[in-house]
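Every number here is computed from the coordinates shown, using simple stated rules; none is lab data. Quick caveat: nothing in here was measured; it's all calculated off a predicted structure. Heads up, the Cβs are rebuilt from the backbone with ideal geometry, glycines too, and the neighbour counts pull from every protein chain shown.
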There are 2 protein chains.
Amino acid sequence: MQKPFLNVKAPQQARDLLRQFSALDTEEVSIDEAVFRVLAEPVKALEDVPGFDRSTMDGFAVRCPDTFGATESMPALLSLRGEVAMGRTSDISLKRGEAVRIWTGGALPANADAVVMVEYTEQLDQDTIEVLKAVAPFDNVVRKGEDFTRGEPLLRSGHRLRPQDLGILAAIGRETVRVYRRPSVGVISSGDEIVPIGIEPPPGCVRDVNRYTLTACLREALATPLWLGLAPDSLKELSILIQRGVESTDVVIISGGSSMGSRDLVIEAIRSQEDSVILLHGVSVSPGKPLIIARIGPKPVFGLPGHPVSAMVCFEQFVAPLIRRLEGEEALSPARRATLQALLSRNVPSKEGREDFVRVRVQKTADKITAVPVPGKSGMISAMVRADGYIRIGEDCEGLYRGDPVTVHLFSQWIEEDSEEEHLSGHEAAGGSSGDVFAVPQQEKLSRV
Amino acid sequence: MQKPFLNVKAPQQARDLLRQFSALDTEEVSIDEAVFRVLAEPVKALEDVPGFDRSTMDGFAVRCPDTFGATESMPALLSLRGEVAMGRTSDISLKRGEAVRIWTGGALPANADAVVMVEYTEQLDQDTIEVLKAVAPFDNVVRKGEDFTRGEPLLRSGHRLRPQDLGILAAIGRETVRVYRRPSVGVISSGDEIVPIGIEPPPGCVRDVNRYTLTACLREALATPLWLGLAPDSLKELSILIQRGVESTDVVIISGGSSMGSRDLVIEAIRSQEDSVILLHGVSVSPGKPLIIARIGPKPVFGLPGHPVSAMVCFEQFVAPLIRRLEGEEALSPARRATLQALLSRNVPSKEGREDFVRVRVQKTADKITAVPVPGKSGMISAMVRADGYIRIGEDCEGLYRGDPVTVHLFSQWIEEDSEEEHLSGHEAAGGSSGDVFAVPQQEKLSRV
């Protein structure tokens, strides 16, 4: 029995290894479907937007010198020359002392250089308005090309498209856009003791949890999961599934087996593939230490620990950043979760040189928010279910004290709050007001204790 | 021309109005597809998990009193009785002075009450091991039912399923789960000046931006968007589209028209529907004030401002919380975004009694993170594109000073960081290290200045 002393690397070193993998190929998609895809082309403005001076208010287009000095007690009188129809340009050309009715979004007529908001006017009769407040040039107007001008760079290649970015593509008339392909990821569970969930586990066996947590993590990371199968602790069967994965998907992740013996088996099964190399075996994170990162041909392959909590930590810290990279992003850091500032409920020891991810529940009382570490070993899925998020204890930290301010990385942006319903165990709602949480000054203590 | 003095309500009052809408019907889905769906049933454990005392380490199952006093210099000698095969129970029953080889996840044999990690053992020969460290009862063991026990409540109805929650459903053998249906949301753009994006806008016209930003916002909110069409400023055509929306979707959102006249038209078109009521017209947020919330039969209908930025603010503050409620959640607060602490680059005036959402770009220098307000009116989509997020200025605040600490709510959790690539205007990458950002003590100043 070989001793499991791994040659562990620091998390950042592990992520740096992933730099050797680069973005997948690209495809053209409708902007209707492109949200959160990563741009594979730079986008420039093809025209000035707006294409004309445009009112931002309902009111009256004027020549602003005509309003100078106007007040409520001394209004300026202007002759009303008609109205600008929406979606049209007017053939009116304003003369001194004239105004034209205009709506939000309407095109300013010739010689008008500002809009007086309707709130600051009184209509005296069919042909006359009073202006109660002076306007300066281009008040309440978006000028031609003020949003952006022809030739201006708008979005860079490698940028992940947010809703507003699709808006700007729409504004310049782009119906489709070139983006990187989303990675497909093959998922393998392994271990003689793992059974499909539809089966009553025989004595000594447990149901396959990782298949479902990892598939869901992949969906959260916007990758396309492909279930490859459950392998027993057999070099041959594991090798066949890995080979099938490498042939049909962009990334392969294997969870378990839960024994050192079968982790060796995963290593061996990877080594048995043509053009394969083990890049890493062991990383200084807890839970998650026995991570494997390998490469078969051009494809990345991960051996994740069998413990469900460990597998999820490794996914977030290493697999998800790689997925983003294959999708065209430069960075290799974990995605930024919503956070809460809280005070730690008890001492949490750690180990220098190791990054710890401690699952916590968030409790809110009238005067403070507390992060309560959730007891439970990394093999227990309930420890993740009871938790609202995790705190990270850095590599250069030996632990945190009760009362220390901590940043809780929340598992869900849809964290339930202020619910009147009673909470069952296994799901305690997190605290936090609906606004910002300012209660706890956050210090640099976390990484220094 | 009616004056646009709206009877504005506070944002929280507006959200409270949404409490009259309740969750949609439910459906049974595969747990493979259920991530981020909202549970429509409470889930209890159907059995003890694990179903047996289970090793969490590779090593040797022992009777712990046999190890008491063992040290590296004075090891305990134990007779090796064989091995527990993975996925099986052993018929070995441990006697005093005996050990059995076991792997992570293996079932403890009878009479064993702890596992010694392989690191703390030496194998002397085929039949003998040395134990170098004592273990206490149930060290390195997850006991039967320790993850959870039969009958224990695991997840409550109304809980949004995270990856780990699917893991616990898998662990108890649930292949499907009852969840609330996801709302379908009909999208209408309106305004005589709006043209489909495939068309070169005639003078006085602009392309339809809101259709695409709102569709993308709906996808981000996990609702199903349905495009209903672009209505000119015609009561008849607008009414037909609204009616079609109410008949075929769960929620209808109409953006624009951009004029007060056509906002009256939206109100009028809603009022023309059978069993309709205007719940709100005007909310004290900026941008976003001319929001309309209505109800047609049992269905919620939103009239969003035509300005793209205003429409997005109203979406995040009011439409998205309603979508979550229809999907079975209790709370009506906006989703929690990832945040960054930063220092404001310049004074930002606000108005008491109004909630302001100020778009900012995040700039990182060696010693600080700065939030730089992005200039640009609410009709300019580029102001949203240039921004990395927004800061919120509360109703009871008259403004913020340069240097004030602020919380930036980030538009994307996939914020680009530390990229070496040069950034084009229109997309400045945000600062922030890959770890936590502790630099700025956050105070309660924001809501008090």
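Lys/Arg Cβ at +1, Asp/Glu Cβ at -1, dipole of chain A taken about the Cα centre: which of A:Val8, A:Ala335, A:Phe36 is farthest positive-ward?
So the residue we want is A:Val8.
Could you tell me the ratio Rg/Rh of region A:195-347? Both radii from Cα atoms, Rh via Kirkwood.
0.98
In debye, nearest 20, what is the charge dipole magnitude of region B:305-406 about its Cα centre with +1 on Lys and Arg Cβ and -1 on Asp and Glu Cβ, if you could check?
Values: 15 positive and 13 negative charges, 104 e Å.
Roughly 500 debye, rounded to the nearest 20.
Distances in nm, one decimal, shortest first, from A:Gln243 to the same residue in every other copy, taking the label point 7 angstrom along Cα→Cβ.
Spelled out, the distances from A:Gln243's label point are 6.5 nm.
How crowded by other chains is B:406-413, given as the mean number of beta carbons from other chains within 10 Å of each beta carbon?
Mean shielding by partner chains, rounded to a whole number: 4.
Label-to-label distances across copies for B:Arg346, with labels 7 Å out along Cα→Cβ, in nm, shortest first?
5.2
How are the C-alpha pair distances of chain A spread across 20 Å bins, as whole percents from the shortest bin up?
All Cα pairs considered, the percentages come to 21, 37, 25, 15, 2.
Can you work out the FRET efficiency for the pair A:Arg178 and A:Arg88, with r the C-beta to C-beta distance and R0 = 56 Å, to the nearest 0.05?
So the FRET efficiency works out to roughly 0.95.
If you put a point 7 Å past Cα along the Cβ direction, how far is that point for B:Asp367 from the same point in each other copy, in nm, smallest first?
3.6
Would you mind putting B:162-174, B:144-156, B:375-387 in packing order, based on average other-beta-carbon counts within 10 Å, highest first?
Details: B:162-174: 25.3, B:144-156: 18.7, B:375-387: 23.2.
Highest to lowest by the protection proxy: B:162-174, B:375-387, B:144-156.
Counting only residues 5 or more places away or on other chains, whose amide H sits under 5 Å from the amide H of A:Thr224 once H atoms are built in the peptide plane?
Sorted by chain and number, the residues that satisfy this are A:Ser184, A:Val185.
Length gain on complete extension for the stretch A:Gln126 to A:Glu72, per 0.36 nm per residue less the alpha carbon to alpha carbon distance?
Gain in length upon complete extension: 17.4 nm.
Quick check for you: which residues of region B:282-323 have the amide N under 20 Å from the point 7 Å beyond the Cα of B:Glu247 toward its beta carbon?
Backbone N within reach: B:295-302.
What does the charge dipole of the protein assembly as shown about its Cα centre add up to, to the nearest 20 debye, if the Cβ of each Lys and Arg holds +1 and the Cβ of each Asp and Glu holds -1? Write out the running numbers ahead of the final one.
Details: 102 positive and 126 negative charges, 116 e Å.
Value, rounded to 20: 560 debye.
Which length gain, in nm to one decimal place, applies between B:Thr365 and B:Ile267 when the Cα-Cα distance is subtracted from 0.36 nm times their residue separation? Walk me through the numbers on the way to the answer.
On the way: separation 98, 0.36 × 98 = 35.28 nm, distance 4.87 nm.
Full extension from B:Thr365 to B:Ile267 adds 30.4 nm.
With unit charges on the beta carbons (Lys and Arg positive, Asp and Glu negative) and the dipole taken about the Cα centre of the protein assembly as shown, which residue among A:Val372, A:Gly105, B:Val309 sits farthest to the positive side?
Looking along the dipole axis, the top candidate is A:Val372.
Working only with C-alpha atoms, what are the Rg and Dmax values of the protein assembly as shown, expressed in angstrom?
In Å, with Rg to one decimal and Dmax whole: 30.8, 110.
If the label point is 7 Å along Cα→Cβ of B:Arg150, which residues in region A:188-215 have backbone nitrogen under 14 Å from it?
What the label zone holds, given the 14 Å backbone N cut-off, is A:201.
Quick one: dipole size for region B:54-142, taken about the Cα centre, charges +1 on Lys/Arg Cβ and -1 on Asp/Glu Cβ, in debye to the nearest 20.
So the dipole magnitude of region B:54-142 works out to roughly 340 debye.
Pull up the DSSP beta bridges for the protein assembly as shown and report the antiparallel fraction as a percent, rounded to 5.
Antiparallel bridges make up about 70 percent of those DSSP assigns within the protein assembly as shown.
Provide B:Trp227, A:Trp103 in ascending order of the number of other Cβ atoms located within 10 Å of each residue's Cβ, fewest first. Could the numbers behind the result be given before it?
Working: B:Trp227 14, A:Trp103 27.
If I rank by nearby Cβ atoms, fewest first, I get B:Trp227, A:Trp103.
Rounded to the nearest 0.05, what FRET efficiency is calculated for B:Glu274 and B:Asp396 with R0 set to 51 Å and r the Cβ-Cβ distance?
According to the calculation, E is roughly 0.80.
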